[in-house]
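Undergrad: Have a look at the structure that comes next, please.
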Amino acid sequence: MKTHAPARPWYCRDDVVDEYKTTLQEDDEKLPMLKALKIIRAIVVNVGLIAGWIYALYLGGDPTVITLFALSVVGAYNGLELGDYLALLQAYNEIQTESDTED
């Protein structure tokens, strides 16, 4: 017997969403705590990357090369963080939908 998986947006990886669903269901983890930890992690990493970017410019590095590299790293990191965050929200929404249909 095959269970019907909900339609997920293209930007939410199935394995990540399933892992978050398992964590939210079994560990009774609260979503606000996960969201807060993800936001704090993103802030710390972004501040570190931007500080390194400014320090490299301060030391006299080529602004064009350093800026292109730094923007690509910051953009890639934030893209990954956004995808992970959206997968968490998708898992939470699926759990809420499943609990609403069971009631």
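Undergrad: Of the residues I95, I39, which is at pLDDT below 90, assigned to a helix (DSSP H, G or I), of a type outside the set (G, A, S) and in contact with a Leu (Cβ under 6 Å, 6 or more places away or on another chain)?
TA: I95
Undergrad: Between residues in region 81-103 that are closer than 14 Å to V16 by Cβ and residues that are of a type in the set (S, T, Y) and not in a loop (DSSP other than H, G, I, E, B), which pairs lie under 7 Å by C-beta distance while being six or more apart or on different chains?
TA: A87/Y20; L88/Y20; A91/Y20
Undergrad: Can you tell me how many residues in region 64-82 are within 11 Å of Y11 (Cβ to Cβ) and modelled with pLDDT of 90 or more?
TA: So the count comes out to 1.
The values are calculated or read from the model by the stated rules, or taken from the named source; none is laboratory data. Model, not experiment: these values are computed from the prediction. As a convention, Cβ positions derive from the backbone with ideal geometry for all residues, glycine included, and neighbour counts pool all protein chains shown.
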